[in-house]
There are 2 protein chains.
Amino acid sequence: MSKFLKKTLFNKILRWNLILPARTIEYTRSILRPLTTMKPQKSVYLIDESDSNGNKSPKSNKYTYRTHNCGELNVENVGEKVVLCGWLQYQRMNKFVVLRDSYGETQLLITNKATQDLLGQMPYETIIRIKGSVLSRPRDMINKKQITGEIEIQVDDFQILNQAKDNLPFNIREFQKAKEGLRMQYRYLDIRFPQMQKNLRTRSKIFMKLREFLIENHFIDVETPTLFKATPGGAQEFIVPTRFPGKFYSLVQSPQQFKQMLMAGALDRYFQIAKCYRDEGSRPDRQPEFTQLDIELSFTDVEGIIKLIEELLFYALAEFTIARNFSRISYEEALEVYGTDKPDITFDFKLRNCTEIFEGNSLLNNLDDFACYSLVFDKNNLKDSCVLTKSVKEQMLRVASQHPKAKLIQVKVTKENFADKFKNLLSSKEASALLENISDGSVMFLAHGSKNYARKLLGKIRLEYVKYLEDSFKLQIRKKGLHFLWVLDFPLFEMNEESGELQSAHHPFTAPHPDDLALLNQDPLKIRALAYDLVLNGNEVGGGSIRIHDPVLQENILNLLKINKDTLQHIIDMLGSGCPPHGGIALGLDRLLALILNMSSIRDVIAFPKTFEGKEPISGAPSEVLDDTLKLYHIKTNK
Amino acid sequence: MSKFLKKTLFNKILRWNLILPARTIEYTRSILRPLTTMKPQKSVYLIDESDSNGNKSPKSNKYTYRTHNCGELNVENVGEKVVLCGWLQYQRMNKFVVLRDSYGETQLLITNKATQDLLGQMPYETIIRIKGSVLSRPRDMINKKQITGEIEIQVDDFQILNQAKDNLPFNIREFQKAKEGLRMQYRYLDIRFPQMQKNLRTRSKIFMKLREFLIENHFIDVETPTLFKATPGGAQEFIVPTRFPGKFYSLVQSPQQFKQMLMAGALDRYFQIAKCYRDEGSRPDRQPEFTQLDIELSFTDVEGIIKLIEELLFYALAEFTIARNFSRISYEEALEVYGTDKPDITFDFKLRNCTEIFEGNSLLNNLDDFACYSLVFDKNNLKDSCVLTKSVKEQMLRVASQHPKAKLIQVKVTKENFADKFKNLLSSKEASALLENISDGSVMFLAHGSKNYARKLLGKIRLEYVKYLEDSFKLQIRKKGLHFLWVLDFPLFEMNEESGELQSAHHPFTAPHPDDLALLNQDPLKIRALAYDLVLNGNEVGGGSIRIHDPVLQENILNLLKINKDTLQHIIDMLGSGCPPHGGIALGLDRLLALILNMSSIRDVIAFPKTFEGKEPISGAPSEVLDDTLKLYHIKTNK
């Protein structure tokens, strides 16, 4: 190449200036580069709605200097001049290069030797921009599985936009799953993978669908503050020091108080996709900041909210198969039949209450609230998978050990010696009652003890054993798809086991069932709440309630709960200002997304999650701060 | 009423249970109440898409137990049975009651004496629910200005849903503006006013429009964390103590680093309506938490971003009159002509650089960067309003006192004695050059001194004097409507006046103009940035830049700025991983909304703002926290 030509080329490159960093300029000085055939121009901005060459480019290319993305060209585009930008994904036989962006992959055909040599030296993941013409691929080279598999681009010109380092921590070319720690630390590489692309794009799409439905139905999107006052007795709230000595904001756990104030304020249909905060220390699959869809409306009731949420999710999740009418179960029945308040209804295997059988058995029945439940995995049904090995037993005992007031009995049913095996525990009459309708070879779990502990234990065993069966025998026991379930008639209060004091099962603003109001001073634990949880495939994805709107009732409830009402005087005042009856719900969107996308962790549906310890893996936050900062906020650390 | 009838009535009321608090039940025991004619039913939920009576109700009533809101009934509904809920707004002649909700007002006609008496005792703002029939109003009672002004409701039945207190802190019936402190403390009352309803509903609507446009154009809505690492040298960031001793998160000032990582991660079109945090102590009209529309895209340039934002705002603000192509000005010209980098172009009155006139004047021209600017308010134009009283002069001097390195001269021009007046300062030649083309009776402001101070001083005077004219003479000098202006070619660096060190004019990730790269080591203050601000009617509503994508250039810039690059190593690594060229912008939505809605404070477009001191006025946050909480976070307060 002549000196003159080189100089001309260099000048032209300089004028493509916005996309050429200094390093690349230096780079192009020293390396032979194919002649730039594109006209340099003042603005590199090329694409416009009224694109003069008549190409119908999707809107993903507007406001950029590409004409197409890497996932859209096909035989209809043959002959067109195109500009593509993307990552250097793969290279073979010198002349074929695969360019990748988040929309797909396109094969480039490089015939110029100098270009081949230059690209040959570039590390994968280098960002390049090419100009070329769309060719149809030779018949034997067509890849029918790819949208762009019928074409390739004859490259006329190209540019290195940004050269990647040689030694990236992991490879994006194939789906090689790096360890999670590494994926988190280099999240910007991790989200180049198709799965993460899909997750984040689906998240955005579903959020928009949720908003569309709600706006269409006259809900108002209102942002509420995140810096607020500590909730009385609210552990788990982050605090934020201020310039007022000794005074702190707290980061809200939910917009609960604000959304109720909006109802009092006549904004009668509210929603918000809200960031909420909870400091739970190290808990797997929880995040210190999380996202919920928060909804509240006035002049409604439980049925109103249920209908709203069913229609909302049916709309937003239209591309997934879900039933329009969700199942329903009462809290009590959920515990009785599934041993949990968030039943997984994608499979049967229900608990059976066999307390009656043991009524006269003084060995077992020695508690006020004694109960016994059985859970049978049937031989006829499971055939050879119906096993109870030593290691399975141990696994189940580990589960049982977390339920102190209940005991687990595990047995492979053989009718012959069943009564013998348990002769110390059961009469033969009891044994045969227990075995009624159960086939030989079935696996039976029995839990006995304090009622709630016994059924909860068995609820856990139910999940654990099914998981074991699925993992070990490649069985598909859980039905596929999204199975929503409403859990209704929660208790209003529960007993705090440590303090022995009454506490709210949901929160102190939940309305009691009006039929149970008379129990308020007599037997508060029996009062049902106008509360509801939404469960998806065994996971709680939402919960809410009709709220108390009567200030006197609210005061009574706070008194019962021994909550200092001074801290909530503004709520009592608000209710007394003519606050309409109202109710609402919050859906946990991280969990919902993870379930919809079949991800095992919510971290996979969050762009930049914290680790399970609460650390920010890219920057290393939390970190130390300057002494001046501490001084500004009137605090000292106890190091 | 017979005992039996009372009992039946009471039972019926009990079964309307969801909306009757205990207090109301007691209340209805003691007071005569009209016979309930509505059938009690298991669910109070009445409305459905397939409403059997064939009424076409807007979706604002779905999922509620009203059939219509208070702002929609008209003569077409005459004869229909309706259920309305709302606030008791007004009452006259016993029989007319106005019911209000956030959609409008509807007049009720009460003919039953007992009902009249009961409602007569109810405080305004009590929430009631009525059932009745739509009647046309007598011809002389029609209110054409109201949507519902042609009808009234003959009430058959009603219920007190929640009785308001007698002594609310202020009245909602008329637009009586309470003091802001009171409005903030009882925000749930304040937002019942039509203006606040409009503000919050417009906010929701515009947010949705912004999202619609961006989603339609393939931008992905991604949530980024708010708990992050402190920015190096970043004052103004709230810190959040953690369970790790001595370690803190900080609350992000913007998603800047994350959005750049998304670009590296191939999510090439990102947006988010993001909550951001900044602790500026007490500053009027700032909020510790605020909302910005954050956008970033790959493979773009300045023109790409400008076009995107113009089309976006044109779409989102379609109901307001704005020009499709926004004005543009360079940073230097903005300062030269308007004395500010956020010029208000809704009126002319431009600065004139008259430094040349004083070139030989050693009295004035005694600085290296001496300059003199004049600003004339013309007598021909302003007529009798063109005044310069003593109090005006004092007001302007107060403005001038904030600009130490410049001096202000104010003069009412009378050519006769002008030269005399300033004979100590100006030669007669200088005086006449200054007065060229200026009519007698005009008001002239002169600022001289250090160049930037002089023109900034005059920029402030320009705004102050126009405000004075408008306030004092009821003039409309500023054009109405929304006048957007792009300010371009900002400097990349500026000198920190205190430390004498180079600092970023925007932030350290802003790309230098490629034509100015050679100045990097020679004269960095002369380097232009690829940065842009969006100004609306003299207020900055957005700003952004093309970012540095070359890791070597980024390191050089950090070195120049003396920023410890260890704290940003993750950004340098990210750029080196094959990060595409990219740029973006953030729009301050609170300010934008306030301007669009013509509110004087951003507090009027935020549902629950903090006071200017940063206090949460309803709950009184920030507040003290428990010692246990401090212990959990390993901190002590210096009280």
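The values are calculated or read from the model by the stated rules, or taken from the named source; none is laboratory data. The shown structure was predicted, so the numbers you read here are calculated from the model rather than taken from an experiment. Neighbour counts run over all protein chains shown; Cβ positions are idealised from the backbone, glycine included.
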Of the numbered conditions (1) surrounded by 15 or more Cβ atoms within 10 Å (Cβ to Cβ); (2) modelled with pLDDT of 90 or more; (3) not in a strand (DSSP E or B), B:E333 satisfies every one except a single condition; which is it? (1)
Of the residues in the range A:369-391, those that are of a type in the set (A, V, I, L, M, F, W, C) and touching a helix residue (DSSP H, G or I) at 6+ places or on another chain (Cβ under 6 Å) number 4
Inspect all residues belonging to the range B:52-75 and state whether any of them is closer than 18 Å to B:M141 by Cα, modelled with pLDDT of 90 or more, assigned to a loop (DSSP other than H, G, I, E, B) and over 38 Å from the mean Cα position of the chain (by Cα). no
For the range B:394-447 the number of residues that are over 41 Å from the mean Cα position of the chain (by Cα) and β-branched (V, I, T) is 1
All but one of (1) out of contact with any Lys or Arg (no Cβ under 9 Å at 6 or more places or on another chain); (2) within 30 Å of B:L210 (Cβ to Cβ); (3) surrounded by 18 or more Cβ atoms within 10 Å (Cβ to Cβ) hold for A:T148; state the number of the condition that does not hold. (2)
Residues (over 11 Å from A:Y103 (Cα atoms) and in contact with a strand residue (DSSP E or B) (Cβ under 6 Å, 6 or more places away or on another chain)) located in the range A:55-72: A:R66, A:T67
Every residue in the range B:198-233 that is within 7 Å of chain A (Cβ to nearest Cβ) and assigned to a helix (DSSP H, G or I), please. B:L200, B:R201, B:S204, B:F207, B:M208, B:R211, B:I215, B:E216
Kindly establish whether A:F320 is more than 15 Å from A:L485 (Cα to Cα), of a type in the set (F, W, Y) and surrounded by fewer than 17 Cβ atoms within 10 Å (Cβ to Cβ). yes
Going by the structure shown, is B:K165 more than 10 Å from chain A (Cβ to nearest Cβ), surrounded by fewer than 17 Cβ atoms within 10 Å (Cβ to Cβ), out of contact with any His (no Cβ under 7 Å at 6 or more places or on another chain) and of a type outside the set (F, W, Y)? no
When the residues of the range A:287-311 are narrowed to those that are part of a strand (DSSP E or B), facing chain B (nearest Cβ under 7 Å) and of a type outside the set (S, T, Y), which ends up farthest from A:F258 (Cα to Cα)? A:E289
Does A:L502 qualify as being surrounded by fewer than 18 Cβ atoms within 10 Å (Cβ to Cβ), farther than 21 Å from A:K350 by Cβ and in contact with a strand residue (DSSP E or B) (Cβ under 6 Å, 6 or more places away or on another chain)? yes
Scan the range B:274-286 residue by residue and report those that are touching a Phe, Trp or Tyr at 6+ places or on another chain (Cβ under 9 Å) and either assigned to a strand (DSSP E or B) or at the interface with chain A (Cβ under 10 Å from one of its Cβ atoms) (or both). B:K275, B:C276, B:Y277, B:D279, B:S282
Subset of the range A:97-118 (residues that are under 40 Å from the mean Cα position of the chain (by Cα) and hydrophobic (A, V, I, L, M, F, W, C)): A:V97, A:V98, A:L99, A:L108
So which of B:V552, B:V541, B:V605, B:V625 ends up being of a type in the set (V, I, T) and modelled with pLDDT under 95? B:V625
How about the range A:323-367: which of its residues are acidic (D, E) and more than 22 Å from the chain's Cα centre (by Cα)? A:E332, A:E333, A:E336, A:D348, A:E356, A:E359
Does the range A:414-433 include one or more residues that are modelled with pLDDT of 95 or more, touching a Cys at 6+ places or on another chain (Cβ under 8 Å) and more than 24 Å from A:E497 (Cβ to Cβ)? no
Count - residues of the range B:380-408 that are surrounded by 18 or more Cβ atoms within 10 Å (Cβ to Cβ) and under 21 Å from B:N365 (Cα atoms): 4
With B:F320, B:F258, B:F271 as the choices, which residue is modelled with pLDDT of 95 or more, more than 7 Å from every other protein chain (Cβ to nearest Cβ) and either in a loop (DSSP other than H, G, I, E, B) or over 18 Å from the mean Cα position of the chain (by Cα) (or both)? B:F271
Could you look through the range A:345-369, keep only residues that are in a loop (DSSP other than H, G, I, E, B) and in contact with a His (Cβ under 8 Å, 6 or more places away or on another chain), and pick out the one that is modelled with the lowest pLDDT? A:L364
Filter result for the condition that a residue is without any contact (Cβ under 8 Å) to a residue 24 or more places away in the chain, under 28 Å from A:D166 (Cα atoms) and surrounded by fewer than 17 Cβ atoms within 10 Å (Cβ to Cβ), over B:N564, B:N559: B:N559
State whether the residues of the range A:484-499 include one that is away from every other protein chain (no Cβ under 14 Å), over 23 Å from A:L297 (Cα atoms), in contact with a His (Cβ under 7 Å, 6 or more places away or on another chain) and buried (at least 21 other Cβ atoms within 10 Å of the Cβ). no
Exactly one of A:Q107, A:Q116 is polar (S, T, N, Q), out of contact with any Phe, Trp or Tyr (no Cβ under 7 Å at 6 or more places or on another chain) and in the same structural domain as A:V75 (by TED's automatic domain parsing), and that one is A:Q116
